[in-house]
Amino acid sequence: MRLFITVLLALSCPFGRSEVLQTFNKCSEFFSEGQVPVIPGILNLNSEHARYKKICQRYSFTSVGSGYTFATLYDTESRIPVFSAYKYTARGDFIRPKIPWMIEPQVMIFTAFFMMPHLSPDPHVVGMTVPYRNQAIHEDYFENRYGVNRGHLFPNCHAADEFTAKSTFTLTNIVPQNIRFNAGGWNRIENETRDTMSTHCYDNNNKVLAHVLTGAIPGKNKLNNRVNIPSYMWTAFCCYNSRERLWVSQAYWALNKQEKNNAAISKKSLQELQQFLSQNLAKNVQLFKNCN
Ligand SMILES: *[C@@H]1O[C@H](CO)[C@@H](O)[C@H](O)[C@H]1NC(C)=O
């Protein structure tokens, strides 16, 4: 009976249709000037990395548009993304989609004859840890000891359309984020960034266009003993302002907790963020080709 129930539960757990690839070439449009960031030791340009998986994200539940919607570098050991990269092209007119959370079958390592245990919804059950060893699943987020919930890196409120917004609901785009910070300080940063991009980022056709990178720095605690709870979150955009003929950027980073008295998180320059990441993530980080 238990097995039957777990099979049903697992079947209700949807999979994305994204692609885990050797390079980001297929979805390079989500990087400014098509150039992926320089993150030595974490992001190898032209080869596969056992720990860090390159995902060209695509939403599964519709045949509309076969296209990718953003890109993610996923850390299979911490079971959280390093960053998601996306284009901001002004917000579409839609409400926050209500859809089930997705996982990526291709991040799993399939081992022969593990078919049934795959289907257990408890990641600690022997066997479950094999297929889901490399990624967070829905059930990991049931633990509430740390006061975190699912925090988007590519937020659905920055998506151009509903299709793209839905594609952000994959757990490969999610980190355990302090609940109050998620709804408070970080949400304010998402709003501020959106407003700045909408007023300062115009491509040569006078359309809003910016490239955004949003990431997390692993911390010390683990949700459900599996999923790293990031110590910091960071974000930066780079765009060309064709009206003023200059490159524009803006950045933020913040501890993964709500600031005292709901204090605002200050804006930083791209250079300051790169310095911060070079000290806390990898040496000599360079996020964008331009904007420096
Ligand atoms: C961010 O903007 C949305 C509207 O787009 C608003 O509902 C929300 O309250 C804002 N968040 C904060 C923290 O100000």
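The values are calculated or read from the model by the stated rules, or taken from the named source; none is laboratory data. Computed from a predicted model, the values in this text were never measured in an experiment. Calculation scope for accessible area: heavy atoms of the full protein, side chains included, ligands and nucleic acids excluded. Shrake-Rupley method; radii C 1.70, N 1.55, O 1.52, S 1.80 Å.
Summary table
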{"item": "Percent accessible area from carbon and sulfur atoms, region 164-292, protein chains only, probe 1.4 Å", "result": "42 percent"}
{"item": "Most to least accessible of TRP247, TRP101 (protein chains only, probe 1.4 Å)", "result": "TRP247, TRP101"}
{"item": "Cα centroid of region 135-173 to Cα centroid of region 259-285, whole Å", "result": "22 Å"}
{"item": "In Å², nearest 10: area of THR69 left accessible to a 1.4 Å probe", "result": "10 Å²"}
